[in-house]
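The values are calculated or read from the model by the stated rules, or taken from the named source; none is laboratory data. Owing to the predicted nature of the structure, the values given are computational and were not obtained by experimental measurement. In this analysis, Cβ positions are derived from the backbone assuming ideal geometry, glycine residues included, and neighbour counts consider all displayed protein chains. The protein model used for the area step is the full one, side chains on, heavy atoms only, and it has no ligands, DNA or RNA in it. Shrake-Rupley method; radii C 1.70, N 1.55, O 1.52, S 1.80 Å.
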Amino acid sequence: MAYNVQTPLKSAAKSLPELEQRVRDDLACLCYPPANWVVPTASEERVHDVVVIGGGMCGLVASFALIGAGIGNIRIFDRNQPGLEGPWLTYARMETLRSPKQLTGPAFGVASLTFRAWYVAQFGNDIWATLDKIPRPMWMEYLCWYRKVLDLPVENDVEIKMIQPEGELMRLMLAGDGAREKSVLARKVVMATGRDGMGHPSIPGFIDGLPQKYWAHSSHNIDFAALRGKRVVVVGVGASAVDNAAEALEAGAAEVRHLIRRKEMPCINKLMGIGSFGFTAAFPQLGDARRWQIMNYSLRTQTPAPRGSTLRVSRHPNAYFHFDAAVEKAQLDGDEIVIETSQGKAVRADFLILGTGFGVDPLARRELDGYADKILLWQDRFTPPAGQDNADLGKFPYLANDFTFLEREPGQAPWLANIHSFNSGAAASLGKVSGDIPGISEGAAWLAREIAAKLYTENFDQYWQRLLDYDTPELRGDEWTPSPLPADTETSARKQA
Ligand SMILES: Cc1cc2nc3c(=O)[nH]c(=O)nc-3n(C[C@H](O)[C@H](O)[C@H](O)COP(=O)(O)OP(=O)(O)OC[C@H]3O[C@@H](n4cnc5c(N)ncnc54)[C@H](O)[C@@H]3O)c2cc1C
């Protein structure tokens with residue numbers, strides 16, 4: 001029987017408390033959480049089996065998966081305040097998510113944890129049927145509920161400044177109002193640090209020398225009200241560029257001009273179109289050449305901005321899309337920015353917004369200071385064939401199958417095998433399972449499995465001893481009576497033959 005996304009849920013919970021009870025019942029049926037099986041590490045200071053950095057969507061589902069795998073001695077830290085994890089209420093400026101509403105995202109196979117169950121419990125099936133896309137702030141509300149109903153112990157206002165090796169362990173240096181300690185020890189670290197969590201916002205060189213008050217990256221905190229009556233240039237035409245243009249227009253900007261390097265608008269969302277469980281499962285098993293081929297193609301063809309976001313801009317008569325207009329230079333002329341383009345014509349503006357996205361570059365991560373240059377990158381490992389050069393892709397870390405970093409030179413930084421890069425930097429090696437909504441539960445399940453296997457094999461001797469020591473009888477000895485063989489059975493049978 002095929003179920004449609006609009007097929008009404010016949011026994012849907014009628015309120016959030018009712019749904020929360022259903023979640024608890026489901027977890028009870030799934031025996032969640034199982035007992036913690038990990039042998040404690042002997043040490044004067046508490047050693048956490050796993051520390052998860054980031055309480056955004058990936059950090060939450062990774063933690064749920066780890067606890068569900070019987071790894072209970074974990075801590076989860078996020079530098080933001082509760083409810084402000086990730087981009088959703090900070091720098092994301094779209095009206096709705098791009099993702100289709102029915103994606104199961106972080107639900108991890110538990111139907112009562114889906115966005116749909118949460119939405120229908122509050123608004124009912126009929127409103128669900130009319131919902132087109134998920135309003136952006138509502139997605140954050142859902143993630144907050146997910147964290148609450150699963151009782152995930154995220155510690156907010158705690159920033160991990162550095163991750164340093166200490167013997168077999170990792171020491172994480174903490175800062176922020178929420179920090180209860182100066183540092184903590186962990187066996188494994190999960191960097192669920194987000195879209196820019198293995199790199200940085202991309203800031204093109206042409207901005208050098210332009211004072212900061214004249215420009216911002218789309219991920220910065222922008223005072224849109226101050227752009228009222230101003231001429232704004234937005235560099236790029238991807239989703240963030242378009243969302244920022246829309247915000248500026250709605251705040252009353254005099255004009256907004258997109259300066260776009262491409263000759264044409266990218267219109268097809270390639271990877272979204274071909275997404276499937278097969279792709280998710282196969283990607284990490286493809287050889288380097290095929291993984292590079294796919295990622296390079298995806299980065300080159302570019303993900304278009306969603307239709308609704310683009311219309312949100314173009315319904316303003318003072319919005320302009322200038323194609324084949326790469327920015328070559330941006331400088332001040334008095335209080336005006338003069339932006340020279342590849343067309344030989346300059347555009348004058350009062351404020352410039354970079355919708356240039358994020359780059360992956362482990363060297364930019366302060367958490368890895370002192371050894372980031374020892375991480376193996378794709379550019380160290382793979383030489384692309386002619387026509388597939390891509391310097392940006394070359395900077396992605398070349399990860400092991402368990403999301404950990406590999407060493408550029410074996411023996412130089414063996415502790416890298418304790419740091420799991422569960423963020424968008426993993427895409428080139430392992431596919432889209434540690435960032436976007438569609439593949440996130442598969443990624444979390446995979447991560448938890450790999451960490452569990454590692455924690456176990458590293459302490460194999462202790463688990464072997466547990467096996468030897470285990471002496472709780474399943475049978476007590478009163479369940480059977482031993483009997484002697486009947487006399488002459490064999491001989492009488494032979495005689496008859
Ligand atoms: C504007 C925007 C719109 C998007 N829209 C969609 C969409 O519609 N559909 C989709 O599938 N994907 C979308 N994505 C991609 C992806 O789903 C999001 O980036 C999502 O937030 C990823 O979740 P995450 O947990 O990996 O990262 P985040 O949600 O960014 O969470 C990472 C967390 O780590 C914390 N952190 C980082 N470093 C540290 C540190 N050193 N110490 C302590 N805390 C730290 C941060 O505070 C942050 O809260 C969008 C991304 C952006 C940027």
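Can you tell me how many residues within the range 333-365 are touching a helix residue (DSSP H, G or I) at 6+ places or on another chain (Cβ under 7 Å), closer than 17 Å to LEU227 by Cα and not in a strand (DSSP E or B)? So the answer is 1. All but one of (1) more than 21 Å from VAL61 (Cβ to Cβ); (2) among the acidic types (Asp, Glu); (3) under 12 Å from the mean Cα position of the chain (by Cα) hold for ASP392; which doesn't? Evaluating ASP392 over (1) more than 21 Å from VAL61 (Cβ to Cβ); (2) among the acidic types (Asp, Glu); (3) under 12 Å from the mean Cα position of the chain (by Cα) leaves (3) as the failure. How many residues does the range 291-324 contain that are in contact (Cβ under 8 Å) with a residue 40 or more places away in the chain and among the small types (Gly, Ala, Ser)? Summing the residues that are in contact (Cβ under 8 Å) with a residue 40 or more places away in the chain and among the small types (Gly, Ala, Ser) in the range 291-324 gives 4. Name the single residue that is nearest to ALA65 (Cα to Cα) among those in the range 6-21 being open to solvent by less than 80 Å² (accessible area, probe 1.4 Å) and of a type in the set (D, E, K, R). Filtering first and then ranking leaves GLU20. Applying the criterion of being over 22 Å from PRO137 (Cβ atoms) and in a helix (DSSP H, G or I) to the residues of the range 98-115, the residue that is least open to solvent (accessible area, probe 1.4 Å) is SER112.
Please indicate, with yes or no, whether at least one residue in the range 448-462 is within 16 Å of the ligand (Cβ to nearest atom), over 20 Å from PRO40 (Cα atoms), in a helix (DSSP H, G or I) and at pLDDT 95 or above. Walk me through how you get there before you give the answer.
We begin by selecting, within the range 448-462, every residue within 16 Å of the ligand (Cβ to nearest atom); these are 448.
Right, trim to over 20 Å from PRO40 (Cα atoms) and you get none.
No, the range 448-462 contains no residue that is within 16 Å of the ligand (Cβ to nearest atom), over 20 Å from PRO40 (Cα atoms), in a helix (DSSP H, G or I) and at pLDDT 95 or above.
In the range 391-427, which residues are among the aliphatic types (A, V, I, L, M) and away from the ligand (no atom under 16 Å from the Cβ)?
First, pick out the residues of the range 391-427 that are among the aliphatic types (A, V, I, L, M): 391, 393, 399-400, 406, 413, 416-417, 419, 426-427.
Once the filter is applied, which keeps residues that are among the aliphatic types (A, V, I, L, M) and away from the ligand (no atom under 16 Å from the Cβ), the range 391-427 yields ALA391, LEU393, ALA400, LEU406, ALA413, LEU416, ALA417.
Scanning the range 116-140 for residues that are open to solvent by 10 Å² or more (accessible area, probe 1.4 Å) and within 21 Å of GLY275 (Cα to Cα) returns ARG116, ASP132, LYS133. All of ALA241, ALA245 fail the test of being outside the structural domain of THR90 (by TED's automatic domain parsing) and either away from the ligand (no atom under 13 Å from the Cβ) or surrounded by fewer than 18 Cβ atoms within 10 Å (Cβ to Cβ) (or both), apart from ALA245.
In summary, GLU250 fulfils each of the numbered conditions (1) away from the ligand (no atom under 16 Å from the Cβ); (2) more than 21 Å from PRO87 (Cβ to Cβ) with the single exception of condition (2). Number of residues in the range 51-97 that are near the ligand (Cβ under 10 Å from one of its atoms) and in a helix (DSSP H, G or I) equals 6. Contact map, the range 141-168: first residue not assigned by TED's automatic domain parsing to the domain that holds ALA186, second residue open to solvent by 10 Å² or more (accessible area, probe 1.4 Å) and not in a strand (DSSP E or B), Cβ cut-off under 7 Å, separation 6 or more or different chains; the map is empty. Residues in the range 400-425 that are more than 19 Å from LEU169 (Cβ to Cβ), in contact with a Pro (Cβ under 9 Å, 6 or more places away or on another chain) and open to solvent by less than 30 Å² (accessible area, probe 1.4 Å): GLY425 only.
Between ARG476, ARG408, the distinction of being without any contact (Cβ under 8 Å) to a residue 24 or more places away in the chain and either hydrophobic (A, V, I, L, M, F, W, C) or farther than 30 Å from ILE134 by Cβ (or both) belongs to ARG476 only.
Of the residues making up the range 116-166, those that are within 12 Å of the ligand (Cβ to nearest atom) and not in a helix (DSSP H, G or I) number 13.
Output the number of residues of the range 282-293 satisfying the condition of being open to solvent by less than 50 Å² (accessible area, probe 1.4 Å) and either under 18 Å from LEU447 (Cα atoms) or of a type in the set (Val, Ile, Thr) (or both). Talk me through it step by step, then tell me what you get.
Here is the first cut: in the range 282-293, the residues open to solvent by less than 50 Å² (accessible area, probe 1.4 Å) are 282-284, 286-288, 291-292.
The next check asks that each one be either under 18 Å from LEU447 (Cα atoms) or of a type in the set (Val, Ile, Thr) (or both); those that pass are 282-284.
Of the residues in that region, 3 qualify.
Scanning the range 182-209 for residues that are under 16 Å from ARG75 (Cα atoms) and within 14 Å of the ligand (Cβ to nearest atom) yields SER183, VAL184, ALA186, VAL189, VAL190, MET191, ALA192, THR193.
Evaluate the following for LYS432: is it within 16 Å of the ligand (Cβ to nearest atom), charged (D, E, K, R) and in contact with a helix residue (DSSP H, G or I) (Cβ under 9 Å, 6 or more places away or on another chain)?
Numbers: within 16 Å of the ligand (Cβ to nearest atom): yes; charged (D, E, K, R): yes; in contact with a helix residue (DSSP H, G or I) (Cβ under 9 Å, 6 or more places away or on another chain): yes.
It is true that LYS432 is within 16 Å of the ligand (Cβ to nearest atom), charged (D, E, K, R) and in contact with a helix residue (DSSP H, G or I) (Cβ under 9 Å, 6 or more places away or on another chain).
For (1) in a loop (DSSP other than H, G, I, E, B); (2) within 25 Å of the chain's Cα centre (by Cα), each residue gets a yes or a no:
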| site | (1), (2) |
| --- | --- |
| ASP380 | no, yes |
| GLY387 | yes, no |
| LEU399 | yes, yes |
| TRP415 | no, yes |
| PHE422 | yes, yes |
| VAL433 | yes, yes |
| ILE437 | yes, yes |
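Answer with yes or no whether VAL313 is within 23 Å of ILE339 (Cα to Cα), open to solvent by less than 30 Å² (accessible area, probe 1.4 Å), part of a helix (DSSP H, G or I) and assigned by TED's automatic domain parsing to the domain that holds ILE339. Criteria met by VAL313.
Scan the range 74-103 for residues that are hydroxyl-bearing (Ser, Thr, Tyr) and more than 19 Å from SER424 (Cα to Cα) and the total you get is 1.
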